[in-house]
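The values are calculated or read from the model by the stated rules, or taken from the named source; none is laboratory data. Note that the coordinates shown come from a computational prediction; the quantities given were computed from them, not determined experimentally. Quick reminder, even Gly has a Cβ in these numbers, built from the backbone with ideal geometry, and neighbours come from all protein chains shown. Ligands, DNA and RNA are stripped out before the accessible areas are found, and what is left, the full protein with its side chains, is counted by its heavy atoms. Shrake-Rupley method; radii C 1.70, N 1.55, O 1.52, S 1.80 Å.
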Amino acid sequence: MGTWLARRLIAAVAIVFAVVTLTFFLMHLGPASPIVPSAEQPLDPDVVARLRQQFGTDQALSVQYVRYLTQLAHGNLAVSFSQRRPVAAALADAIPNTIVLAGAALLVDFGLGLLLGVVMAARARSRLDAGLGNATLFLRSVPTFWLALIVILVFGERLHWFPVGGTIDIVRHHSFSFLGRIADRLWHLALPALTLGVVGAAGTARFQRNATLDALSADYVRTARAKGVTERRIVAVHALRNALLPAITLFGLALPFLLTGAVLIETVFAWPGMGKLAADAIFSRDYPVVLACALAASVMVVAGNLAADVLYAVADPRIRITERDRA
Amino acid sequence: MNLRAWLALLGALSVAWLAARAARRRAAGTAGGRRFFASPFAGLGIGVLTFFAVVAVAAPLVAPFHPDRQLDIIDLVDRAPSWSHPLGTDLYSRDLWSRLVYGARVSLGIGALAMAVALTLGAAVGAAAGYFRRATDVVLMRLVDVGIAMPRLFLLIVAASVWQHVSLGALILILGVTGWFGTSRLVRAEVLSLRERDFVTAARALGARPGRIIFRHVLPNVASPLLVSAALGIGNVMLTEAALSFLGIGVRPPTASWGNMIADGAGQIVGAPWTTLFPGLAIALVVMALNATGDALRDALAARPSSYEEET
Amino acid sequence: MRRALLPLAALCLLATGARRPADCSGDYCGTLVFAAGGQPDILLPPVSVSALSRDIHDQIFLKLADIGMTLNTVGDRGFVPVLAKRWEWRDSLTLVFHLDPRAHWQDGPPVTAGDVAFTFQAYTDPQVNSSSAPILAHIASVTARDSLTAVFRFRDRYPEMFYDAVYHMRILPAHLLASVPRDHWMSADFGRAPVGDGPYRFVTWTPEYLELAADSTFFLGRPHIRRLLWRFTPNFDVAITQLIADQADALETLGPPPNVPRVQAAKQLALYRYSGTNYAFLQFNLTANGDTTRPHPILSDRQVRRAITMAVDRVKLCQSVWGDLAKAPPGPMPQAWWIWNVGTTPLPYDTTEAARLLTADGWVDSDGDGIRDKGGVKLSLHLATPTSSGSRHRYALLIQGQLKSLGVDIQIDEVDPVTFNQRLLAGLFDAALPAWNTDPTPSSSFAQRWTRAGWGRFNYGRYANPNLERLLGQATLSAADPQSAARAWRAVLDTLNQDAPGVWLFAPDNVAVVHNRVAAVTIRPDSWWALVWTWRIPPDRLLDRDRTER
């Protein structure tokens, strides 16, 4: 287990390093002038100096690259053009919000998705299965941002069930008790997390339906049925355990989807996370911010995949053993 | 909306319906075909796709107005659907149905072309990795790992902010280049298993070069999973392009794409919801059709008996 | 499932009941939430650029004297004492202010004449690079005779001397800003957490909102409204929605027509009309995009600019986007300026003439792609517009459509407001859609925008016409006599219109929206929220959000 984990860690670090290199070269393929401002562009000389330190275009590419890496290693992500403060500060404000949103959406995704998938498989070929199948097909195919707009219109503006945007009630949040503050945050989190989660759940449900059907058609299940075990017990005890295993691999795929979805959902719901930061930064041509967000997203995906792999290995010992044999 | 446009619309609908029926009849002959049409919505999916494909190709015939034409910026702004404008008009007094039709060209075109690029790249990389194994395999698959690590939208955002103006061709290229990773893994897996087959060993023994073996013997057998991948992948690309255009970095105005139509309409969703509703529904319909068709294809091809021996 | 309901219900009860009781009552409660479509750039007066920043920092910092509701900028009778208790003219070029000894900074020390002198130095320091520096060029020096007496010395006499002395400078705390290097003011931490001497003090600024709290020791009277919050929304439409949903209390302009019935239908809102001090226009860059030393390959040609101006149907565009709520101005001016009626005629809408001008100038479509070209250069321009303005975004699309039939290709660049301003200041554009919230008088702003003195600052397009500057000088000097002033200004505007450095698009009638529980609402046209500290919410109309403490 130890060597396997070590190898996975090294691979993860290598991937992040490769992403860093890729984005560096991507930045330098574009026009050079946006980073080094012209003589009259009213940028703080302090900002210019720090940017030149990180992105200085007057030297050899390899020198710039090494400098870029050392800056990153020291946690110096340069200064944002539009916010006039270090990118690290902007990210520090934004990332927790995205993690909260993505986490909640993940809960909805897997909670709802696995449940639906199992139900659909247990009632396969019935009208319930067909109905749920249509609903999930629609949700899988719909653009997330469009769904978000419709949701805001219906639940936010027409029905007034949920607030339209923001993470807290800015007027009253600080007067709430601890529990009240949590409730306030949850109430604001509900709509964006549900929207993002439900779309993911549709895909998870379909996957889980197939996985459960496969498990249900296995020999041991047929034996159990022949022995007279109730259908409910078969599904819950025998099939589910094996059907849930592939769901862990879904976790690794869910992360990029959630982060991508976060960009759109955060923009529509005005949720001040990393996605909105990146989307806003496009319009400010705020390269340091865009780059930092892309890097942060990659790190999150790699970390998530690593976690999923570890989970899978813990759950299924066969993986660890066969991995050792492979070159 | 004039007579020509109505007739063209009816024509497109009939072609779609006939195509679906014809496909169903022809497919009833083979087991795989029957399995395909047993899936719910498979037939409907084919019909929808045909309809939009016909509409996109015949756009000048089907659309009553030029999509960018601002018809009357005083009186025809944000008009609800009516007989003269079946889907209404938008904020700039442009006919929404015409924009949808031309937008089909753009969105479907980008989807298909980008997927073509992705499939080519993915198949090439996957085949090379699976066939040559060892060093090539390791290097290429690590590359794939890196590609999968960065969420696609972030990579596209970086690209969009670095190059200030991304042309349509560049957009297709970037979408394709960021979307081949899954395909390559799929192809690699297939090639790895096919590699050990007798017919490949025989071909190698006869002295055929690797390229020839890959192209003539291995790749044709990968065609089925590639087709499924394509059907599902185009839907994905279309959603990504819609997201990019919504964020403002995809297709530039005034060119219509379903994504930037939603962006145009987002501001008046309370007062004129049709401007956002219809383009979104169009995307949903097409992607649903693609998903349904892809799922049905996968189900149909899954139980197919091995026909590899036929190839030698 | 049923077992989970009980603790869930208990949690809900706890959550709702466990709020600290709303305890404020009386005359000094109240929370006002402003809906803002965008974020402020920085809260440091000499370097901040956006109107939103100004709205906020004018609650925190004070001027020596403030303009009254009549907006009379000639002489000193139209002004109200603020930091300066009284003033007198020692001679025709020397103005002496006596500061109010009660004024103090929010961290303790009193406001002194030393602060006034420091402020003048900062505003005029090229390292700070304030956009107000050229307006203060008439002032030779500001010195502190003693701690409460500030002496202003002018270089020359003109009618609006007093206005220039007091209107532009917000007095800054020398003891807090002297140590900040002058060239770092734009990214100074002080700008994100300012300390001032005004009726409100800074509390917090997050990506979602900004909060100010009333200073109960404010020397001109404790503000009645206790908390001011600015809620940042991604765009204007969302701001309107929040207003209607009772999640915001005030918005300075209603915007385009569809919003009017929506707002009128919301029973809790009251509308306040006031003279419009905004206008927007299409600015041409007469120097090359990205290189201000070279002329623009297309737009430095007066004939091309005139042709483009004549191809834009300003009146129709205004009607389409604004309905009755705005007018197409005869020059670069808002409706509030008296020069609206001096009788100048802008270039007419005449597409035939526009086409003829371009063809005569050599711009023809030689390759049949619908875009004119000349000598290998396509008549293609990038039009920059900020993301914060829905109406200007619409204008951009509409103009693109109108100019297409002329054979001019327009590419739209949408950028965020801060970047938009940066690009304008640096000359990194072909054409752009700026909008101004103007000063009460044309004299100072005109020079900033249309003469050589404004190059690198508000004269974004780097337009210069010596003849115009001469006429403008005459107009400024004749400010005291209405008839000769009108004649002089007509000459100025006619010259400007003939040169077509821009297309004057719209000047809205302003309608502010404020929650109807707020009493004593006065809105000064040049700075709509300047008098918020005098507003009050009667105790019997306090809402829940008014009573909550922070």
*Give the residue that is nearest to C:ASP237 (Cα to Cα), with candidates limited to residues of segment B:58-89 that are assigned to a loop (DSSP other than H, G, I, E, B), more than 10 Å from every other protein chain (Cβ to nearest Cβ) and polar (S, T, N, Q).*
B:SER82
*Extreme residue, farthest from the other protein chains (Cβ to nearest Cβ), among residues of segment C:195-207 that are outside any strand (DSSP E or B) and either at pLDDT 95 or above or open to solvent by less than 30 Å² (accessible area, probe 1.4 Å) (or both)*: C:ASP197
*Can you tell me which residues in segment C:438-465 are within 14 Å of chain A (Cβ to nearest Cβ) and either open to solvent by 20 Å² or more (accessible area, probe 1.4 Å) or of a type in the set (S, T, N, Q) (or both)?*
C:TRP455, C:GLY456, C:ARG457, C:PHE458, C:ASN459
*asked:* Name the single residue that is surrounded by the fewest Cβ atoms within 10 Å (Cβ to Cβ) among those in segment A:283-317 being away from chain C (no Cβ under 14 Å) and polar (S, T, N, Q).
replied: A:ASN305
*Of the residues B:LEU121, B:LEU113, B:LEU108, which single one is in a helix (DSSP H, G or I) and within 24 Å of A:VAL20 (Cβ to Cβ)?*
B:LEU121
*Within segment A:9-46, count every residue that is open to solvent by less than 70 Å² (accessible area, probe 1.4 Å), more than 7 Å from every other protein chain (Cβ to nearest Cβ) and either assigned to a helix (DSSP H, G or I) or at pLDDT 80 or above (or both).*
8
*Of everything in segment B:265-289 that's in contact with a Ser or Thr (Cβ under 8 Å, 6 or more places away or on another chain) and more than 24 Å from B:ALA230 (Cβ to Cβ), which residue is farthest from the other protein chains (Cβ to nearest Cβ)?*
B:GLY265
*If you check B:TYR131, B:TYR102, B:TYR92, which single one turns out to be in a helix (DSSP H, G or I), among the hydroxyl-bearing types (Ser, Thr, Tyr) and touching a Lys or Arg at 6+ places or on another chain (Cβ under 8 Å)?*
B:TYR131
*Where residues in segment C:311-360 are of a type in the set (Gly, Ala, Ser), part of a loop (DSSP other than H, G, I, E, B) and in contact with a Ser or Thr (Cβ under 8 Å, 6 or more places away or on another chain), which of them is surrounded by the fewest Cβ atoms within 10 Å (Cβ to Cβ)?*
C:ALA336
*Go over the candidates C:PHE152, C:PHE219 one by one and state the one that is away from every other protein chain (no Cβ under 14 Å), surrounded by 21 or more Cβ atoms within 10 Å (Cβ to Cβ), in contact (Cβ under 8 Å) with a residue 12 or more places away in the chain and within 21 Å of C:VAL111 (Cβ to Cβ).*
C:PHE152
*Pairs with Cβ under 7 Å, 6+ apart, first in segment B:144-156 and without any contact (Cβ under 8 Å) to a residue 24 or more places away in the chain and facing chain A (nearest Cβ under 7 Å), second open to solvent by 20 Å² or more (accessible area, probe 1.4 Å) and part of a helix (DSSP H, G or I)*: B:ASP145/A:ILE15; B:VAL146/A:ILE15; B:VAL146/A:ALA18; B:VAL146/A:LEU22; B:ALA149/A:ILE15; B:PRO151/A:PRO256; B:PRO151/A:THR260
*Scan segment C:23-34 for residues that are in a loop (DSSP other than H, G, I, E, B) and either of a type in the set (A, V, I, L, M) or on the phi < 0 side of the Ramachandran plot (or both) and report the count.*
6
*Answer yes or no as to whether C:ARG487 is at pLDDT 90 or above, more than 25 Å from C:ASN278 (Cβ to Cβ) and open to solvent by less than 30 Å² (accessible area, probe 1.4 Å).*
no
*Look through segment B:160-172, keep the residues that are more than 7 Å from every other protein chain (Cβ to nearest Cβ) and in a helix (DSSP H, G or I), and return whichever of them is surrounded by the fewest Cβ atoms within 10 Å (Cβ to Cβ).*
B:GLY169
*Right, C:ARG170: in contact with a helix residue (DSSP H, G or I) (Cβ under 8 Å, 6 or more places away or on another chain), of a type in the set (Lys, Arg), under 30 Å from C:GLU549 (Cβ atoms) and not in a loop (DSSP other than H, G, I, E, B) or not?*
no
*Does segment C:229-236 contain any residue that is in contact with a strand residue (DSSP E or B) (Cβ under 8 Å, 6 or more places away or on another chain) and either surrounded by fewer than 19 Cβ atoms within 10 Å (Cβ to Cβ) or closer than 26 Å to C:LEU99 by Cα (or both)?*
no
*asked:* Criterion first (in contact (Cβ under 8 Å) with a residue 40 or more places away in the chain and away from chain A (no Cβ under 13 Å)) does C:LEU176 satisfy it?
replied: yes
*Examine segment C:11-29 for a residue that is within 18 Å of A:SER284 (Cβ to Cβ) and at pLDDT 80 or above, and state whether such a residue exists.*
no
*segment C:520-540 residues that are open to solvent by less than 20 Å² (accessible area, probe 1.4 Å), paired with ones that are among the β-branched types (Val, Ile, Thr) (beta carbon under 6 Å, 6 or more apart)*: C:PRO525/C:THR277; C:ASP526/C:THR277; C:TRP535/C:ILE225; C:TRP535/C:VAL518; C:TRP535/C:VAL521; C:ILE537/C:VAL518
*Please name all residue pairs, on different chains or six or more residues apart, with Cβ atoms under 8 Å, provided the first residue is in segment A:247-263 and is in contact (Cβ under 8 Å) with a residue 12 or more places away in the chain and within 13 Å of another protein chain (Cβ to nearest Cβ) and the second residue is open to solvent by 40 Å² or more (accessible area, probe 1.4 Å) and among the charged types (D, E, K, R).*
A:GLY252/A:ASP309; A:PRO256/B:ARG152; A:VAL263/A:LYS276
*Looking at C:GLY390, is it at pLDDT below 90 and either open to solvent by less than 50 Å² (accessible area, probe 1.4 Å) or under 15 Å from B:ILE73 (Cβ atoms) (or both)?*
yes
_Every residue from segment C:35-56 that is outside any loop (DSSP other than H, G, I, E, B) and either modelled with pLDDT under 95 or surrounded by fewer than 18 Cβ atoms within 10 Å (Cβ to Cβ) (or both)_ = C:ALA35, C:ALA36, C:ALA51, C:LEU52, C:SER53, C:ARG54, C:ASP55
*Can you run down the residue pairs with Cβ atoms below 6 Å, 6 or more apart or on separate chains, where the first is in segment B:217-245 and within 14 Å of chain A (Cβ to nearest Cβ) and the partner is among the aromatic types (Phe, Trp, Tyr) and assigned to a helix (DSSP H, G or I)?*
B:ALA242/B:TRP258
*Have a look at C:PRO256, C:PRO261 and point out the one that is within 14 Å of another protein chain (Cβ to nearest Cβ), under 21 Å from the mean Cα position of the chain (by Cα) and modelled with pLDDT under 90.*
C:PRO256
_Residue that is under 22 Å from the mean Cα position of the chain (by Cα), within 25 Å of A:GLY131 (Cα to Cα), buried (at least 19 other Cβ atoms within 10 Å of the Cβ) and not aromatic (Phe, Trp, Tyr), where the choices are B:LEU49, B:LEU44_ = B:LEU49
